[in-house]
Every structure is written in structure tokens, then in C-alpha cells.
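Novice: Let me give you the structure first, and then I'll get to my questions.
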């Protein structure tokens with residue numbers, strides 16, 4: 001019986017530094033029946049030249065498009081993908097050589113599983129192994145678990161193409177959190193499976209969007225709002241309190257960022273107001289909201305008195 005075809009999708013934007021290592025990790029798979037779709041998303045460096053050096057492998061499919069973001073690049077690849085299964089390997093990450101072999105075997109033996117994912121290892125920009133506490137998990141009917149926190153690493157996922165045909169492509173308005181929004185749509189309707197072994201390696205470097213916690217929180221909130229607005233069945237799937245707690249937490253984080261780091265008290269007030277709506281018993285939100293209503297001079301005066309009081313009490 002012939003092996004199922006897998007489509008590996010790699011979006012590329014100015015990826016010259018790591019793309020060669022990434023391609024090699026795909027080509028080194030012990031599972032050989034795959035196509036590697038390399039989508040050049042308007043790179044301005046010599047990524048294209050590096051990619052062309054691998055054109056001798058007939059499994060490589062190269063596509064160029066104007067710069068439109070990672071979600072658009074993934075969607076471009078999905079539209080032409082011929083595989084029964086789809087995997088996602090970003091331009092700076094690596095796959096362990098047995099990734100596809102392990103995951104395809106499980107999906108082939110259980111048609112109820114929509115996608116399979118796993119643990120991941122971590123390296124720094126120089127390729128050195130590092131420890132990082134990235135909570136991964138979620139198996140079975142786990143929408144509530146994934147709603148509370150994204151526990152699915154995109155580079156570890158192998159998903160059925162039929163699932164993507166059913167639920168649709170990545171949301172290009174949420175590029176950067178498009179994978180999280182996708183996992184929410186999948187788990188809303190289907191069970192998934194988690195393998196508690198590392199099958200891929202995530203690389204930390206200066207250009208990782210995941211290192212920008214402020215931007216990631218904004219994208220996460222937009223994702224949650226999108227799911228709630230577009231899929232009313234969410235309210236039947238999980239308790240209303242779970243939804244309110246998630247909205248409270250994300251809006252509080254953004255309110256604090258805008259007030260303390262950005263000094264954008266208008267934006268901070270909006271987020272603290274939404275936090276109060278979702279958790280009226282959290283007194284801190286009221287104090288923060290009122291703090292953001294004050295003038296700059298009033299805030300300076302209060303901070304001066306608080307500083308004085310702190311000095312007094314520290315000497316007692």
C-alpha cells in the first residue's frame with residue numbers, strides 16, 4: 001500500500017540566515033513521501049538564491065508572492081497542496097527526522113483524530129539547546145483547554161487536509177496568531193491527539209513575534225473576540241465564566257501595558273472598562289480605571305505621596 005502524501009508548508013520572508021537548515025531538516029525525514037512547498041513571501045534578501053540550490057530535489061515546490069504575511073503564505077500553499085496531511089515548518093525552525101513517520105502512522109490508524117501535535121525542543125539563534133517553559137498539551141475533546149491557553153505549537157502539527165477543506169483557511173487578519181485561531185476552530189468540532197515526545201525544534205532569535213509579549217497579547221485578544229463573535233456555539237461548549245475570565249485576563253494585561261509602559265491612558269481605560277464588565281468583583285480594575293481618568297498632574301501628585309508613604313513605612 002503506497003504511503004500517504006504529506007504537504008510541508010514553509011513560508012519564507014528574508015529567511016537567508018536559517019532557511020538552509022530548515023530545508024535540510026525537512027529533506028532528512030525518514031518518511032519520504034512528501035512535497036515541500038516553499039512560499040517566498042516577498043523576500044528582499046537572497047533567500048530565493050539559497051532555495052534554488054535545492055531544486056534538484058523534485059519534492060520541492062517553489063512559489064513567489066508579494067509580501068502579505070505568514071497567514072497568506074500558508075494559505076497560498078494550502079490551495080496548491082496535494083497531500084492527505086499538512087505540516088507547518090517555519091523558516092527558522094527544525095523538524096526531528098522521525099516527525100512525519102511517527103505522526104502519519106497515528107493519523108492513518110485513527111480517522112477520528114483531526115490533527116496531531118507534540119512537544120518541542122528549543123535552541124537559541126546560534127543553535128545552542130536551551131530550556132524554556134512553554135506549556136504544550138491538549139488531547140481529545142480539548143477546546144476549553146485550548147481556549148484558556150494556546151498549547152499547540154504550529155511547527156509540531158500534522159493536520160488532515162479534509163479538516164482544512166471543512167473549516168477553511170488561516171485567518172489573514174490575525175497573521176501572527178492565525179495558527180491559534182485555526183486550532184480553536186478545529187478543536188471546537190473535532191478531537192485531536194498530543195504526543196508527549198519532542199518532534200521539532202523551535203528557534204529563539206530577535207525577529208520572533210512570540211518574543212513580543214505585548215503584540216502577542218493583542219493578537220490573542222483579537223483571536224478570542226473573533227472566535228466568540230463568529231462561532232456562537234462556543235457558549236454551548238464551555239461555561240460563560242470561562243469566557244469572561246479569559247476576556248478579563250487579556251484586557252487587564254493590555255490595560256496595564258498601556259497605562260504603565262505606553263502611558264496611553266485612553267487605550268488603558270477601554271481595556272480596564274472591559275475587564276470590569278467581565279469581572280465586576282475585581283477591585284483592582286476599578287482603581288486602575290480611575291487612575292487612568294486622572295490628569296497627568298493628578299497622577300504625579302498621587303505618585304509623589306505614595307512614594308513618600310512608602311519611604312515612611314519602609315523605615316518603621
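Novice: Please compute the contact order of the stretch 1-75 in relative form: average sequence separation of alpha-carbon pairs under 8 Å and at least six residues apart, divided by the residue count, as a percent.
Specialist: Relative contact order comes out at 38 percent.
Novice: When the distances between all Cα atoms of the chain are binned every 20 Å from zero, what whole-number percent does each bin get?
Specialist: So the P(r) values, bin by bin, are 29, 50, 18, 3, 0.
Novice: Now for a different question. Could you please rank 5, 309, placing first whichever residue has the fewest other Cβ atoms within 10 Å of its Cβ?
Specialist: Arranged by neighbour count, lowest to highest, 5, 309 become 309, 5.
Novice: Pull up the DSSP beta bridges for the stretch 112-214 and report the antiparallel fraction as a percent, rounded to 5.
Specialist: The answer is about 35 percent antiparallel.
Novice: Moving on. Can you tell me what share of the DSSP beta bridges in the chain is antiparallel? A percent to the nearest 5 is fine.
Specialist: Of those bridges, close to 25 percent are antiparallel.
Novice: A further question follows. Between the stretch 19-40 and the stretch 52-68, what is the C-alpha centre distance in whole Å?
Specialist: The distance from the Cα centre of the stretch 19-40 to that of the stretch 52-68 comes to 11 Å.
Novice: In nm, what is the difference between 0.36 nm times the number of residues separating residue 162 and residue 240 and their Cα-Cα distance?
Specialist: Difference between extended and current length: 25.0 nm.
Novice: Rounded to the nearest 0.05, what FRET efficiency is calculated for residue 299 and residue 67 with R0 set to 25 Å and r the Cβ-Cβ distance?
Specialist: In this case the efficiency is close to 0.05.
Novice: Another question, then. Going by C-beta contacts inside 10 Å, put 10, 76 in order with the fewest on the left.
Specialist: Going from sparsest to densest Cβ surroundings: 76, 10.
Novice: Would you mind giving the average projected area, over all directions, of the Cα convex hull of the stretch 77-176 in nm² with one decimal?
Specialist: 7.7
Novice: Which value in deg cm²/dmol, rounded to the nearest 500, describes the helix-derived mean residue ellipticity at 222 nm for the chain, given -39,500 (n - 2.57) per DSSP H run of n ≥ 4 and division by the residue count?
Specialist: It comes out at -14000 deg cm²/dmol, rounded to the nearest 500.
Novice: Now, a different point. Which whole-number percent of Cα pairs in the stretch 22-82 have a distance greater than 19 Å?
Specialist: 33
Novice: For residue 134 and residue 55, what is the calculated FRET efficiency with R₀ set at 41 Å and r taken between the beta-carbons, to the nearest 0.05?
Specialist: Working from the Cβ atoms, E equals 0.75.
Novice: Also: Using the 10 angstrom Cβ neighbour count as an exposure proxy, how do 292, 142 rank, fewest first?
Specialist: 142, 292
Novice: Going by average Cβ neighbours within 10 Å, how do the peptides 121-128, 217-224, 82-89 rank, with the highest at the top?
Specialist: Per-residue Cβ counts within 10 Å, averaged per peptide and sorted highest first, yield 82-89, 217-224, 121-128.
Novice: Any idea what log10 I(q)/I(0) is at q = 0.11, 0.13, 0.16 Å⁻¹ for the stretch 213-316, Debye with uniform C-alpha scatterers and no solvent?
Specialist: -0.43, -0.57, -0.77
Novice: Could you work out the relative contact order of the stretch 138-293, using alpha carbon pairs under 8 angstrom and six or more residues apart, expressed as a whole percent?
Specialist: 20
Novice: Could you tell me the center-to-center distance, by alpha carbons, between the stretch 238-274 and the stretch 116-184 in angstrom?
Specialist: 24
Novice: Using Cα-Cα distances under 8 Å and only pairs 6 or more residues apart, what relative contact order does the chain have, in percent?
Specialist: Reported relative contact order: 16 percent.
FYI, it's all coordinate maths here, none of it is from the lab. Since we're looking at a predicted model, the values are computed, not measured. Backbone-built Cβ (ideal geometry, glycine too); neighbour counts: all protein chains shown.
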